[in-house]
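Step one of this worksheet: look at the structure below.
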Amino acid sequence: LAEKMTAMRLISWLLLLVFMQSGVFAARRFRGGRNPQPRRTPPSPTYRDRGDTTESFPLDFTAVEENMDNFMTQVKNLAQSLYPCSAQKLDYDMKLHFLENTSVTCNDGTPAGYYMKESRGSRRWLIFLEGGWYCFNKENCDSRYDTMRRLMSSSKWPQTKTGTGILSPLPEENPHWWNANMVFIPYCSSDVWSGASAKTDHSGYAFMGSLIIQEVVKDLLNKGLDNAKVLLLAGSSAGGTGVLLNVDPVAELLEGLGHPGIQVRGLADSGWFLDNKQYRSTDCHDTISCAPTEAIKRGIKYWGSVVPERCRQVHLGEEWNCFFGYRVFPSIKSPVFVVQWLFDEAQLTVDNIHLTGQPVQEGQWRYIQNLGIELRNTLKDVPAMFAPACLSHEVITRNYWIDVQVKGTSLPRALHCWDRSLQDNSRNNKAPPKGCPVHLIDSCPWPHCNPTCPTIRDQFTGQEMNVIQFLMHMGFDVQKMAQQQGMDPSKLLGMLSSGS
């Protein structure tokens, strides 16, 4: 009882503070504010470490004048975080819903579905497509079903799911999208979100990735999406490629259902793969050993894939091209923001560069560097992108997604700038916002030459490695590289240590 009384007094005090603040702002407007003080930029929030159970809810009083609802939400969050009983009622989890159309299923015929957390009053929606490779024939799909059944069946999906990264409801982890309506679609079709075929005796499985997305969108129209202003279709890895394949079809679906006013956009994370030549060619037995082009060629026949119509027209008879970012992107009409590590681990894996405990050979090192160059070249004409020179895979749902920077700009900041630029374009203001870059790509040539890259750990010892240790592990020859650059080896080491 004493705790409850204390909490009630605290909430009353906070509400009084809100009304006092709003009264000050109202008085300022009434007086006319002849010489208003320049608005101070609020301090950056302290970001939450995953191991830290203490949550912080920074209050931005400067926002009250423009958005009282947003500020009241911050007050409620702070009050509930300070009262344990109330905090337990604060529900951040997304809840499982199965599709109303039960004929659209996962690989094994179990119902497909999605997780959702509503944000009442928000007109922004984020639909996220999960990744998880694929399978392209009966044999490796059977193996996938035995070892990764969660990616082919909904039979053991939990009832709730906690959002992280861009799906987090916490403003300190997700500065610009925390208050959106969040939807997570589990990947259970194994077809890079492209299939449209029912289960047959030949295939043994259903492949309905593209249909699952369409049915989720239809279901959401009855849950508030019909009132949306912006729909961001996001995804990582196979889900990122799924965004490139489905963002225009989703926009066309909504327009056909009478909702042309919803602005559909795409956010493709770690799904911009290259159809390059492998470092070492191997027989095509599974997704790891098979060259990317050959796996997709076999897959689209097995899955009964649907690709965007404009891309299909460009690549008639060779529709597999539409699964590779730089080939499909020119035909996409919807705005798309591309996030791609320049040294993507999944790309290196399918190219048969396996970074195990042994230092890489000189030929492998050259291949890795050339991969970064090739990727830069394919991204140069993408207007909105974020490409750090890091060795990693996936980022937007990681808790460290706020920490990685390119040329001093973080990914959440770049996405916010992209939002602003699209809003300005809709008002016929073509000039991008000043000091708000949206085309960000590292120019340094080596993996992890960006000091904000995610931490790398030695695969055997588990110990963290700094940039120099990592490059040495990769077979990097400091003496030789310094000689090529015409500089003293100690100077090169100093540059690497500082991330120059």
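The values are calculated or read from the model by the stated rules, or taken from the named source; none is laboratory data. The structure displayed is predicted, hence computed values, not measured ones. No Cβ is skipped: glycine too gets one built from the backbone with ideal geometry, and neighbour counts run over all protein chains shown. Note: accessible area is taken over every heavy atom of the protein model, side chains too, but ligands, DNA and RNA are not part of it. Shrake-Rupley method; radii C 1.70, N 1.55, O 1.52, S 1.80 Å.
For region 274-283, indicate whether the set of residues that are among the hydrophobic types (A, V, I, L, M, F, W, C) and either modelled with pLDDT of 95 or more or open to solvent by 10 Å² or more (accessible area, probe 1.4 Å) (or both) is non-empty. Looking through region 274-283, none of the residues is among the hydrophobic types (A, V, I, L, M, F, W, C) and either modelled with pLDDT of 95 or more or open to solvent by 10 Å² or more (accessible area, probe 1.4 Å) (or both). For region 310-356, the tally of residues that are closer than 19 Å to residue 286 by Cα and in a helix (DSSP H, G or I) stands at 8. Checking each residue in region 135-176 for being modelled with pLDDT under 95 and of a type in the set (Phe, Trp, Tyr) picks out only 136. Residue 402 meets the conditions (1) under 18 Å from residue 237 (Cβ atoms); (2) aliphatic (A, V, I, L, M); (3) at pLDDT 95 or above in every case but one. The failed one is (1). Residues in region 285-323 that are of a type in the set (A, V, I, L, M, F, W, C), open to solvent by 30 Å² or more (accessible area, probe 1.4 Å) and over 24 Å from the mean Cα position of the chain (by Cα): 300, 314, 316. Selection of region 248-267 for residues being over 21 Å from the mean Cα position of the chain (by Cα), open to solvent by 50 Å² or more (accessible area, probe 1.4 Å) and either of a type in the set (A, V, I, L, M, F, W, C) or under 16 Å from residue 227 (Cα atoms) (or both) yields 255, 256, 257, 258, 260, 261. Counting only residues that are open to solvent by 50 Å² or more (accessible area, probe 1.4 Å), of a type outside the set (A, V, I, L, M, F, W, C) and farther than 19 Å from residue 214 by Cβ, region 94-141 holds 8 of them. Please determine whether any residue of region 154-175 is in contact (Cβ under 8 Å) with a residue 60 or more places away in the chain, open to solvent by less than 10 Å² (accessible area, probe 1.4 Å), at positive phi and of a type in the set (Val, Ile, Thr). Within region 154-175, none of the residues are in contact (Cβ under 8 Å) with a residue 60 or more places away in the chain, open to solvent by less than 10 Å² (accessible area, probe 1.4 Å), at positive phi and of a type in the set (Val, Ile, Thr).
Looking at 366, 398, 376, which one is open to solvent by 40 Å² or more (accessible area, probe 1.4 Å) and touching a Gly at 6+ places or on another chain (Cβ under 6 Å)? Testing whether each residue is open to solvent by 40 Å² or more (accessible area, probe 1.4 Å) and touching a Gly at 6+ places or on another chain (Cβ under 6 Å) leaves just 398. If you go through region 195-206 one residue at a time, do you hit one that is modelled with pLDDT of 95 or more and under 20 Å from the mean Cα position of the chain (by Cα)? No, there is no match, as no residue in region 195-206 is modelled with pLDDT of 95 or more and under 20 Å from the mean Cα position of the chain (by Cα).
How many of the residues making up region 244-276 are assigned to a loop (DSSP other than H, G, I, E, B) and in contact (Cβ under 8 Å) with a residue 60 or more places away in the chain? Walk me through how you get there before you give the answer.
Taking region 244-276 first, the residues assigned to a loop (DSSP other than H, G, I, E, B) are 257-262, 270-276.
Next cut, in contact (Cβ under 8 Å) with a residue 60 or more places away in the chain only: 270-274, 276.
Total satisfying the criteria: 6.
When the residues of region 142-153 are filtered to those that are among the aliphatic types (A, V, I, L, M) and open to solvent by less than 30 Å² (accessible area, probe 1.4 Å), the one that is farthest from residue 412 (Cα to Cα) is 152.
Could we say that residue 226 is over 16 Å from the mean Cα position of the chain (by Cα) and in a loop (DSSP other than H, G, I, E, B) here? It is false that residue 226 is over 16 Å from the mean Cα position of the chain (by Cα) and in a loop (DSSP other than H, G, I, E, B).
Filter region 183-203 down to the residues that are open to solvent by less than 10 Å² (accessible area, probe 1.4 Å) and in a loop (DSSP other than H, G, I, E, B) and list them by number. Of everything in region 183-203, those that are open to solvent by less than 10 Å² (accessible area, probe 1.4 Å) and in a loop (DSSP other than H, G, I, E, B) turn out to be 186, 187, 188, 189, 190, 191, 192, 193, 194, 203.
Residue-by-condition table, conditions (1) β-branched (Val, Ile, Thr); (2) at pLDDT 95 or above; (3) on the phi < 0 side of the Ramachandran plot:
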residue: 334; (1), (2), (3): no, yes, yes
residue: 352; (1), (2), (3): no, no, no
residue: 359; (1), (2), (3): no, no, yes
residue: 364; (1), (2), (3): no, no, yes
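The residue that is farthest from residue 273 (Cα to Cα), counting only those in region 339-353 that are open to solvent by less than 10 Å² (accessible area, probe 1.4 Å) and among the charged types (D, E, K, R), is 351.
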